[in-house]
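Engineer: Pasting in a structure now, in structure tokens, and then I'll have a few things to ask.
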Amino acid sequence: MLARTSTHARALSLPMVPVNTKKAERRTLRLATINDLLADAERLAAAEREGRLRHTGNWSLGQALGHTAGWASTPYDGYPPNMPKPPRFVAFIFKFMKGRFLRKGLPAGIRMRGVEAGSLFTEPLSTDEGLARLQHAFERIRTTKPVHPNAVFGDMPREEIEQLNLRHAELHLSFFHPR
């Protein structure tokens with residue numbers, strides 16, 4: 001997890017004590033297309049630059065954008081070697097929930113077992129770096145056939161990869177509220 005000194009947390013508007021993201025305030029967000037995602041991410045980045053962005057989660061905007069981009073890149077770059085395999089019962093249950101995840105979204109507050117930060121791709125990034133990574137990752141989704149199967153769902157067509165990653169982006173960007 002991101003170390004939070006009082007100065008660092010204030011500078012990034014991050015909470016001093018981690019927020020329970022299952023209960024945190026989130027904005028309603030539905031991204032139908034990659035263009036919708038990129039427009040929302042750019043709007044959030046502009047709001048942050050202008051001091052008009054409120055955070056209700058645990059990560060900075062750059063961190064959330066970079067995290068989303070990291071997962072969106074796995075169908076092309078593969079999974080990191082330190083990624084734990086999901087327990088069989090979780091993978092079994094999730095396969096039945098795939099359609100629901102693609103249509104309705106992903107739940108907040110899920111943590112990967114055995115990963116200190118609860119997920120991968122959580123390193124602190126500037127907003128500009130996170131945005132650049134997001135733009136690159138989703139352009140690949142838009143134009144390139146995936147080469148690696150999903151760790152839980154196996155081989156997925158590009159359209160399902162796009163929908164899964166849009167739902168993932170909705171989850172993480174919903175903790176940011178432009179004013």
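The values are calculated or read from the model by the stated rules, or taken from the named source; none is laboratory data. This is a predicted model, so every value here is computed, not measured. Virtual Cβ from ideal backbone geometry, glycine too; neighbours counted across all protein chains shown. What goes into the accessible areas is simple: the full protein's heavy atoms, side chains included, and nothing from ligands, DNA or RNA. Shrake-Rupley method; radii C 1.70, N 1.55, O 1.52, S 1.80 Å.
Engineer: Pairing the Cα long axis of helix 88-104 with the longest principal axis of the chain, what angle in degrees results, from 0 to 90 and rounded to the nearest 10?
Structural biologist: Compared with the principal axis, the helix lies near 70 degrees.
Engineer: Still on this structure: Want the number for ALA39 to ALA91: 0.36 nm per residue separation, take away the alpha-carbon distance, what's left?
Structural biologist: 15.4 nm
Engineer: Order of 79-88, 54-63 by packing, highest average Cβ count within 10 Å first?
Structural biologist: Highest mean packing first, the order is 54-63, 79-88.
Engineer: If you take mean projected area of the Cα convex hull in nm² from the coordinates, which of (1) 9.8; (2) 10.9; (3) 12.7 do you get?
Structural biologist: (1)
Engineer: Considering amide H positions built from the backbone, and no H for Pro or chain starts, which residues 5 or more places from ARG54, or on another chain, come under 5 Å of its amide H?
Structural biologist: HN-HN under 5 Å from ARG54: HIS177, ARG179.
Engineer: Accessible area per residue, 1.4 Å probe, Å², for the chain: what's the number?
Structural biologist: Numbers: 9700 Å² over 179 residues.
Value for the chain: 54 Å² per residue.
Engineer: Follow-up question, since we're still on this one. Place the peptides 95-106, 64-75, 35-46 in order of packing, highest mean first, counting for every residue the other Cβ atoms within 10 Å and averaging per peptide.
Structural biologist: Working: 95-106: 13.5, 64-75: 24.3, 35-46: 17.1.
By packing density, highest mean first, the sequence is 64-75, 35-46, 95-106.
Engineer: Given an 8 Å cut-off on Cα distances and at least 6 residues of separation, report the relative contact order of the chain as a percent.
Structural biologist: Computed over the chain, the figure is 42 percent.
Engineer: Given a 1.4 angstrom probe, I'd like the percentage of the accessible area of the chain that is carbon and sulfur, rounded to a whole number.
Structural biologist: The nonpolar share, carbon plus sulfur, comes to 55 percent.
Engineer: Sticking with this structure for a sec: Using only Cα atoms and rounding to the nearest 10 degrees, what angle (0 to 90) does helix 34-49 make with the longest principal axis of the chain?
Structural biologist: 20 degrees
Engineer: Give me the net charge of PRO149's neighbourhood, meaning all other residues with Cβ under 14 Å from the Cβ of PRO149; Lys, Arg count +1, Asp, Glu -1.
Structural biologist: +2
Engineer: Could you compute the net charge surrounding PHE175? Neighbours are other residues with a C-beta less than 9 Å from the C-beta of PHE175; K and R count +1, D and E count -1.
Structural biologist: It works out to a net charge of +1.
Engineer: How far is helix 127-143 tilted, in degrees, relative to the longest principal axis of the Cα atoms in the chain, given as a value from 0 to 90 rounded to the nearest 10?
Structural biologist: Orientation of helix 127-143: about 20 degrees from the principal axis.
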